[in-house]
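Q: Dumping the structure here so I can ask a few things about it.
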Amino acid sequence: LHTVVRLSRDRGDKVLERNALRSVGLLRWHQDRHVEALQTAEKTLELNRSLGDELGALGDLSNIGNILRALGDYDRARAVLEEALEMPVARRDPGGMSSVLHNLANVHRAVGELDLALECLHKAGAAMHTHKMPIQQSFHLTTIAHIRLEQGDVAAALDTYRQALELSRRARHADGLAQALRLLGELESGMRQDA
C-alpha cells in the first residue's frame, strides 16, 4: 500500500493516492494503531476536499469519528460526526447518512447516553426502511437490541433481534442472518439458564 501511495504521488494521481490512503487507514484501524489511522484518515479527507468529492469526504468524516471514539476523544468524535450530518450530501445519500448516524450512536453509547444513541439508530433505521435497504436496517436493529439489553428490557431486545433476523432472511443476507440467529440464540439460551 505504501508503494501505491508513493507511486500515485509521483504520478500526481490524487484519486489513486486517496484510495490507497483509505486502505492504509483501514489497515491501521484494524491493527488498533488508532493514532496512525487518524492521521491517514485526515490526509484522505484533505484529498477528497481538494478533489471536490463530497461523498468521499462524508465517508472520511464518518471514519474519523469512529477512530476518535476508539481513542476515547468523544467530544471531538461527536463534533466531527455532527459536521458530517450537516453536509448537503448526507441528505442526498441515505447510506452515508445512515453510517454517520450509526457511528454517532456508538459515541453516545460509549458515554452512557443510551437514549440519544437509540434516537440516532431509529432515525438511521427509518431512512433505510424508506429507501428499501434491509441489510443496513438490520444492522441498526441489532445495535438497538444490544442497547435494549443494556437497559434491561429483555422483551424489547428479543423482539428487535427477531426483526433483524426477519429482515436478513428476506434480504437473503447470510452474514446478517447468521449474526442475528447467533445473538438471538445466545440471549434465549442465557434466559433458560437463568430460569
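Q: Name the pairs: first residue in region 49-71 and without any contact (Cβ under 8 Å) to a residue 24 or more places away in the chain and basic (Lys, Arg), second residue assigned to a helix (DSSP H, G or I) and open to solvent by less than 70 Å² (accessible area, probe 1.4 Å), Cβ to Cβ under 6 Å, at least 6 apart or on different chains?
A: Arg49/Ala57
Q: Among the listed residues Leu121, Leu85, Leu141, which satisfies the condition of being open to solvent by 30 Å² or more (accessible area, probe 1.4 Å) and part of a helix (DSSP H, G or I)?
A: Working: Leu121 fails: open to solvent by 30 Å² or more (accessible area, probe 1.4 Å); Leu141 fails: open to solvent by 30 Å² or more (accessible area, probe 1.4 Å).
Answer to the selection: Leu85.
Q: Look at region 1-56 and say how many of its residues are of a type in the set (Lys, Arg) and farther than 23 Å from Leu81 by Cα. Talk me through it step by step, then tell me what you get.
A: At the first step, the residues of region 1-56 found to be of a type in the set (Lys, Arg) are 6, 9, 11, 14, 18, 22, 28, 33, 43, 49.
Subsequent filtering for residues that are farther than 23 Å from Leu81 by Cα retains 6, 9, 11, 14.
Looking only at that region, the number is 4.
Q: Only one of Ser62, Ser50 is of a type in the set (S, T, N, Q), in a helix (DSSP H, G or I) and surrounded by fewer than 20 Cβ atoms within 10 Å (Cβ to Cβ); which? Give the steps one after another, and end with the answer.
A: Working: Ser62 fails: surrounded by fewer than 20 Cβ atoms within 10 Å (Cβ to Cβ).
Residue meeting the stated conditions: Ser50.
Q: Taking into account only those residues within region 88-98 that are assigned to a helix (DSSP H, G or I) and not small (Gly, Ala, Ser), which is surrounded by the fewest Cβ atoms within 10 Å (Cβ to Cβ)? Show your work before the answer.
A: Within region 88-98, the subset assigned to a helix (DSSP H, G or I) is 88-92, 94-98.
Now drop any that are not not small (Gly, Ala, Ser), which leaves 88-89, 91-92, 94, 97.
Working: Pro88: 9, Val89: 16, Arg91: 11, Arg92: 12, Pro94: 18, Met97: 23.
The qualifying residue surrounded by the fewest Cβ atoms within 10 Å (Cβ to Cβ) is Pro88.
Q: I'm told Glu186 meets every condition in (1) surrounded by fewer than 15 Cβ atoms within 10 Å (Cβ to Cβ); (2) under 27 Å from Gly59 (Cβ atoms); (3) of a type outside the set (S, T, N, Q) except one. Can you identify the failing condition by its number?
A: Failing condition for Glu186: (2).
The values are calculated or read from the model by the stated rules, or taken from the named source; none is laboratory data. It should be emphasised that the depicted structure is a prediction, and the values quoted were computed from it without experimental measurement. FYI the Cβ positions are ideal-geometry reconstructions off the backbone, even for glycines, and counts take in every protein chain you see. Keep in mind that these areas ignore ligands, DNA and RNA; they rest on the heavy atoms of the full protein, side chains included. Shrake-Rupley method; radii C 1.70, N 1.55, O 1.52, S 1.80 Å.
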